[in-house]
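One structure is given below, encoded as structure tokens.
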Amino acid sequence: MQASLIILGSGTSMGVPTLGCECRVCTSTDPRDKRLRPSAAVVWNGHHVIIDTGPDFRTQALNYGIGDVDAVLYTHSHADHILGMDDLRPLSFKHTGKIPLYADDPTARILETIFDYTFSEDSQYKLRARVRLNRLNGEACVNLCGVEFQRIPLLHGPLETGGYRFGNAAYLTDMNAIPDSSLSLLRGVEVVVIDALRERHHPSHANIEEAIAWVDKIGARQAWFTHMSHEILHAEIDAKLPPHIRLAYDGLIIPVEL
Ligand SMILES: [Zn+2]
Ligand SMILES: [Zn+2]
């Protein structure tokens, strides 16, 4: 089945432009150098599964016409991936039943703490988001609207994050290492979106060189880099990459097969 993977945000945690910065990327007029916080949507037959609701989620949903959400998969608990959860409220009011959210135990605990008024049993907040938080740990799978989503454990410095595989594609953000057991789960993946923060080394994100090596290890025929900082000038870095790897940009639509 044909589906689209929409890159809702291709930026790192601070976004690009970065507040207070006047570097050549932050002041670039190339629209591909404007990067909202990292997020993606898998869209097929009118279904929308969102991966992460960061602080830009509302803007992203408006920009890319997301008027309903079937489920949200979380990668990890960092602010740039979760802080827009509350913007699911209007979408949840029109949804049949509660919108299911999936997160590993540490991420779920942080969501429950930050959004206590949404999740606590005795919340008096009547207009809270109508969402249900489900645990998804390790190598668990979840079937959403008939499609299997496989969680892929990744390492983000000392933290485990969840990548996701669906059909012939995988979305692997916030990582600098892939355990061997997860590489097995990625066997046969043809299209991959992967973290590539910048050219310089970083302790918890793959840099460009490392991301190229991971793409080769996975054996994907096509790859797109995401979670990019203001050290990446799109036109300059994109031109240096091997032909099967390109930089993603906000609004990019990648055809995938579910
Ligand atoms: Zn991040
Ligand atoms: Zn992170």
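Test Glu236 against the criterion of being acidic (Asp, Glu) and part of a loop (DSSP other than H, G, I, E, B), and give yes or no. It would help to see each step written out before you state the result.
Values: acidic (Asp, Glu): yes; part of a loop (DSSP other than H, G, I, E, B): no.
When the stated conditions are applied, Glu236 does not pass them.
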Practice problem: Name every residue in segment 104-152 that is among the aliphatic types (A, V, I, L, M) and free of Cβ contacts under 8 Å to residues at least 40 places away in the same chain, in order of residue number. | Solution: Ala108, Ile110, Leu111, Ile114, Leu127, Leu133, Ala140, Ile152
Quiz prompt | Near pairs, Cβ below 8 angstrom, 6+ apart or cross-chain, from segment 47-76 (closer than 13 Å to Cys145 by Cα) to any residue that is in a loop (DSSP other than H, G, I, E, B) and within 16 Å of ligand 2 (Cβ to nearest atom) | solution = Val72/Asp52; Val72/Thr53
Exercise. Being closer than 24 Å to Phe149 by Cα and among the acidic types (Asp, Glu) is the filter here, so list the residues in segment 98-126 that pass it.
Key: Asp104, Asp105, Glu112
Practice problem: Select, from Ile51, Ile99, Ile114, Ile66, the only residue that is closer than 15 Å to Asp250 by Cβ, more than 14 Å from the chain's Cα centre (by Cα) and of a type in the set (Val, Ile, Thr). | Solution: Ile66
Quiz item: Looking only at segment 64-88, which residues are in contact with a Gly (Cβ under 7 Å, 6 or more places away or on another chain) and of a type in the set (S, T, N, Q)?
Solution: Thr75
Quiz item: In segment 110-119, how many are out of contact with any Ser or Thr (no Cβ under 7 Å at 6 or more places or on another chain) and either small (Gly, Ala, Ser) or loosely packed, with under 14 Cβ neighbours inside 10 Å (or both)?
Solution: 2
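Would you please name the residue that is surrounded by the fewest Cβ atoms within 10 Å (Cβ to Cβ), looking only at residues in segment 1-22 that are within 16 Å of ligand 1 (Cβ to nearest atom) and in a loop (DSSP other than H, G, I, E, B)? Break it down stepwise before answering.
Initially, segment 1-22 is screened for residues within 16 Å of ligand 1 (Cβ to nearest atom), giving 7-16, 18.
Filter once more, keeping what is in a loop (DSSP other than H, G, I, E, B): 10, 12-15, 18.
Values: Ser10: 30, Thr12: 25, Ser13: 18, Met14: 15, Gly15: 21, Thr18: 17.
Of everything passing the filter in segment 1-22, Met14 is surrounded by the fewest Cβ atoms within 10 Å (Cβ to Cβ).
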Practice problem: With the checklist (1) within 16 Å of ligand 2 (Cβ to nearest atom); (2) touching a helix residue (DSSP H, G or I) at 6+ places or on another chain (Cβ under 7 Å); (3) aliphatic (A, V, I, L, M) in hand, flag the one item Val69 doesn't pass. | Solution: (1)
Quiz item: If Ala223 satisfies every condition in (1) at negative phi; (2) in a loop (DSSP other than H, G, I, E, B); (3) away from ligand 1 (no atom under 16 Å from the Cβ) but one, which is the exception?
Solution: (2)
Quiz item: Where in segment 23-102 are the helices (runs of 4 or more DSSP H), entirely inside, with at least 3 residues that are crowded, with 19+ Cβ neighbours inside 10 Å?
Solution: 57-63, 79-82
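Yes/no per residue for (1) more than 24 Å from Ser39 (Cβ to Cβ); (2) modelled with pLDDT under 95; (3) not small (Gly, Ala, Ser):
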residue	(1), (2), (3)
Ser184	yes, no, no
Asp195	no, no, yes
Glu199	no, no, yes
Ala206	no, no, no
Ile212	no, no, yes
Trp224	no, no, yes
Leu247	no, no, yes
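The values are calculated or read from the model by the stated rules, or taken from the named source; none is laboratory data. Bear in mind the structure is a predicted one, so any value in this text is a computation, not a measurement. Here Cβ is always computed from backbone atoms with ideal geometry, including for glycine, and neighbour counts include all displayed protein chains.
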